[in-house]
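Worksheet: one structure, shown below.
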Amino acid sequence: MKLSLTVVPSPREAQVGTEPPPSVQLSEPMRRFQCNQKGCCCSGWDIPFRLEDFLRLHDRLPESERGTLTHGLKLVLEQGKTPEGEQVLHSMKLDGAGDDRACRFLESEGGCNVHARFGLSALPDLCVDFPAFGYRHDDGRVELWFDPVCPEVIEQLGESDAPLRLFQQQGFFGDPGLDLRVQHTSDRIGARLGQYTVPAAALDQIRAASVAAFAVDRPPWQTLSALLHAFRRLHLDDASAFEFSAFEFPAFEVTAPEDPRPFVGFLADCIAAHGPDLLAASLIRYQRFIWSIDPKPLVGSPVLADHLRDWQPAFAQWLAPQEDALRPLQARWMAHRFGTPMVKGRGDLREAADSMVHLYGTSLRIAAAMGAVLQRPVDREMYKAAIGASEFFYRSLHLPRESLPWFAASRE
Ligand code: SF4
């Protein structure tokens, strides 16, 4: 079939530019983020290229290689047509190679052939940006959120035991990796409380208070308990919501609840929420991201699902005694999660807070089972793998809302 393409600038390019932003906020350890060049995210799916990515790459490749670029190319069209009756191209997917559907530019030792030959700027935007997702405020301020599904993000979180801080850069960094991510950012940041938009200043305040809460030296579940009670109290009735502004927004006070039992029950429900077979299958799929420990004895174990099913004894024997050793990493992970945008687009703030506890609970369940399979106490390196696996679990499955426990969001 013959196809004709009309290339028009995408809406994103109309919005973003090369002007330095007023500021860029990110979690402080991510200033030092570098891809591990092990190719974890370059296989397992057909990488979507935008037309601009494809044309740029086409221009960089020598004449002799251009012809093969279009082999195995799938065009993904946007749903529906324009008012003029034209079909709009959403992205292009290059068929992956081999059983694990690896990107055709992935080298056998894990590096990227395009990056090595033509530099960062030749890569598809997706490859430049991942694992960061950028958000832009109306006033041009940018936030970069680094996704802890990436093992190198977890390594950065584990680089120190000090409380995690947020960092604000004025203008560009002078680091092409970070600056290109900033330039690509066009998605808007925002959050809802029920049907009401949370003012940007209130969102900033809530996130700063959440990060500060994790700097207090106490078990992370106690911080989560205090935080979730604070999120639960964030409630607007229709009358107060009608007039609220950044200054009238309900107070966000992080104080330990008089009775922690309701939260403890919620956390227990989060830990127990999922079927062992589903968790085991997800961990097996995540193995290509695990570098902090050898994943083979875990994913090849016939008793993995058993220990995920009967997690309580594993929890008591292999995880609970390690609480103090794991506390700094857990607190830094959760501070990173609560401090960076937290919600995508216009997500509900209280649901986002509950979702952090879903992640935390699932990481405990997975870590305990890992300890039981490997017959050793859960140390930091094992827990890093459990963090990534729990992030991957929620990222790759779209679990129905009604199948999950809720605490701060339970009013809805
Ligand atoms: S182009 Fe390079 S970075 Fe992107 S998916 Fe392929 S190998 Fe990975």
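The values are calculated or read from the model by the stated rules, or taken from the named source; none is laboratory data. None of these values were measured; they are calculated from a predicted model. Reconstructed Cβ throughout: ideal geometry from the backbone, glycine too, with neighbour counts over all protein chains shown. Quick note on the areas: whole protein, heavy atoms, side chains included, nothing else; ligands and nucleic acids left out. Shrake-Rupley method; radii C 1.70, N 1.55, O 1.52, S 1.80 Å.
Structure above, values below:
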item	result
Yes/no for F315 being within 23 Å of L283 (Cβ to Cβ), in the same structural domain as L228 (by TED's automatic domain parsing) and either of a type outside the set (F, W, Y) or in a helix (DSSP H, G or I) (or both)	yes
The listed residue being of a type in the set (G, A, S), in contact (Cβ under 8 Å) with a residue 40 or more places away in the chain, under 30 Å from D204 (Cα atoms) and open to solvent by 50 Å² or more (accessible area, probe 1.4 Å), out of S396, S410	S410
Verdict on S160 being small (G, A, S), open to solvent by 30 Å² or more (accessible area, probe 1.4 Å) and within 16 Å of the ligand (Cβ to nearest atom)	no
Test result for F133, farther than 30 Å from R285 by Cβ, within 19 Å of the chain's Cα centre (by Cα) and aromatic (F, W, Y)	no
Selection status of F172, away from the ligand (no atom under 15 Å from the Cβ), outside any loop (DSSP other than H, G, I, E, B) and within 30 Å of A201 (Cβ to Cβ)	no
Among residues of the stretch 37-74, those that are farther than 30 Å from I290 by Cα, part of a loop (DSSP other than H, G, I, E, B) and of a type outside the set (V, I, T), counted	3
Number of positions in the stretch 359-404 that are modelled with pLDDT of 95 or more, more than 14 Å from the chain's Cα centre (by Cα) and assigned to a helix (DSSP H, G or I)	21
Residues of the stretch 193-232 satisfying the condition of being touching a Pro at 6+ places or on another chain (Cβ under 7 Å) and open to solvent by 30 Å² or more (accessible area, probe 1.4 Å)	A215
Residue within the stretch 91-107 that is of a type outside the set (F, W, Y), assigned to a helix (DSSP H, G or I) and outside the structural domain of S292 (by TED's automatic domain parsing) present	no
Qualifying residue in the stretch 1-14 (condition: touching a strand residue (DSSP E or B) at 6+ places or on another chain (Cβ under 9 Å) and modelled with pLDDT of 90 or more)	no
Test set (1) under 18 Å from the mean Cα position of the chain (by Cα); (2) outside any loop (DSSP other than H, G, I, E, B); (3) away from the ligand (no atom under 16 Å from the Cβ); (4) within 30 Å of K93 (Cβ to Cβ) - R207 fails condition number	(4)
Residue pairs meeting the criteria (Cβ under 9 Å; at least 6 apart or on separate chains; first without any contact (Cβ under 8 Å) to a residue 24 or more places away in the chain, in the stretch 30-58; second within 13 Å of the ligand (Cβ to nearest atom))	H58/L69
Odd one out for C41, checked against (1) touching a Phe, Trp or Tyr at 6+ places or on another chain (Cβ under 7 Å); (2) open to solvent by 40 Å² or more (accessible area, probe 1.4 Å); (3) modelled with pLDDT of 90 or more	(3)
Residues that are farther than 13 Å from D53 by Cα and within 10 Å of the ligand (Cβ to nearest atom), drawn from the stretch 69-113	G96, A102, C103, R104, F105, L106, E107, G110, G111, C112, N113
Considering residues of the stretch 114-151 that are in a helix (DSSP H, G or I) and open to solvent by 40 Å² or more (accessible area, probe 1.4 Å) only, the residue nearest to the ligand (Cβ to nearest atom)	C127
